[in-house]
Amino acid sequence: MNKLTLLCLPYSGASAMVYSRWRRSLPPWLHVHPVELPGRGARYDEPLQTDMHPLARQLAREHSSSIRGAYALFGHSLGALMACEMAYAFRELGYPEPVALFASGTAAPTQRSDYDREFAEPKTDEELIEQLRTFQGTREEVLANRELMSLTLPVLRADFLMCGRFRPRERPLLKCPVHVLGGKEDRATTEQLIGWSKETSGSFSVDMMTGGHFFIHEHEARVLRLIRDHLDVHYRRHFQPVALSR
């Protein structure tokens with residue numbers, strides 16, 4: 001079966017494993033391909049990165065073999081910025097653009113002057129733990145586990161620096177559709193989410209859900225349904241033969 005590949009980029013502090021369950025919940029024509037960033041998971045021995053632009057280009061090179069057919073990009077929070085930068089990097093490397101870009105849970109690249117300013121300098125362990133509390137996605141017993149935090153906090157610190165030091169670049173707009181997902185109680189405002197429309201000359205949509213920063217887990221079924229419905233038209237366009245009239 002021909003498949004449409006969905007490259008999934010994790011949020012700050014996370015590994016590609018956060019998307020492992022999606023394989024069981026999306027249709028067989030959609031190949032979920034979680035992207036691991038250096039310094040975590042299977043790439044634990046590699047140095048952590050804090051500069052998004054060269055990392056996006058590196059990841060695009062590494063995953064170029066995964067996009068021989070149609071592909072899409074999904075990212076949440078940090079992952080949304082990385083997915084967007086990878087879309088530009090693929091194009092700069094001579095590959096086709098994705099059939100769709102899904103940006104979830106964060107302000108658009110052009111709307112980040114105040115959004116991430118506090119993350120431009122390294123945070124202490126205590127500040128990072130307090131930030132995790134505000135996101136309401138980590139249980140207190142996990143935050144109190146020193147051994148676990150000693151593994152998590154360096155990754156989180158590097159990822160926050162990557163967000164805080166990110167600066168958008170001027171370049172031709174993408175042409176693919178951009179679909180944005182947001183949490184109604186998350187810190188990204190409606191204006192900051194709509195700002196993603198400035199990344200494309202193609203179609204644009206915003207879907208809001210109840211919940212805070214980790215609404216993608218709270219409403220996983222709805223998130224996956226939105227992804228499936230948006231990509232179904234692209235799958236049929238690229239892979240299903242057109243019936244000839246007689």
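A few comments on the model shown:
- Segment residue 17-residue 194, length gained on full extension (0.36 nm per residue, minus Cα span): 60.8 nm
- In the range 123-171, trypsin sites (Lys or Arg not before Pro) in a DSSP loop with at most 13 other beta-carbon atoms within 10 Å: 139, 169
- Site-free segments of the chain were taken between GluC sites (Glu not before Pro) in DSSP loops having at most 14 other Cβ atoms within 10 Å, sites themselves excluded; the longest one is 1-169.
- Length released on extending from residue 53 to residue 68, taking residue separation times 0.36 nm less the Cα-Cα span: 3.1 nm
- A full extension of the chain between residue 44 and residue 187 corresponds to an added length of 48.5 nm, given 0.36 nm per residue minus the alpha carbon distance.
- Relative to the dominant Cα principal axis of the chain, helix 220-239 is inclined by about 30°.
- Proximity of backbone amide H atoms, modeled 1.01 Å from N, is registered between residue 12 and 78, 79 at under 5 Å, excluding neighbours fewer than 5 places apart on the same chain.
- Cross-link reach list, aspartates and glutamates versus residue 175, counting only Cα pairs under 12 Å and skipping chain neighbours closer than eight places: 97, 199
- Here the simple spin-label model places points 7 Å from the Cα toward Cβ, and for residue 143 and residue 217 these points are separated by 1.3 nm.
- Per the Kirkwood formula applied to alpha carbons, the range 4-239 shows a radius of gyration over Rh ratio, Rg over Rh, of 0.94.
- Efficiency of FRET from Cβ geometry, residue 150 and residue 29, R₀ 41 Å, rounded to 0.05: 0.50
- In order along the range 24-40, the Karplus-derived 3J(HN,Hα) couplings, from 6.51 cos²θ - 1.76 cosθ + 1.60 at θ = phi - 60°, round to 7, 10, 9, x, x, 6, 10, 8, 7, 10, x, 9, 8, 8, x, x, 8 Hz, and Gly and Pro are given as x.
- The calculated FRET efficiency for residue 233 paired with residue 210, based on their beta-carbon distance and R0 = 25 Å, is about 0.40.
Laboratory data are not the source of any read-out in this text; all were calculated from the coordinates shown. This is a predicted model, so every value here is computed, not measured. Because the Cβ atoms are built from the backbone with ideal geometry, glycine has one as well, and the counts that use them run over all protein chains shown.
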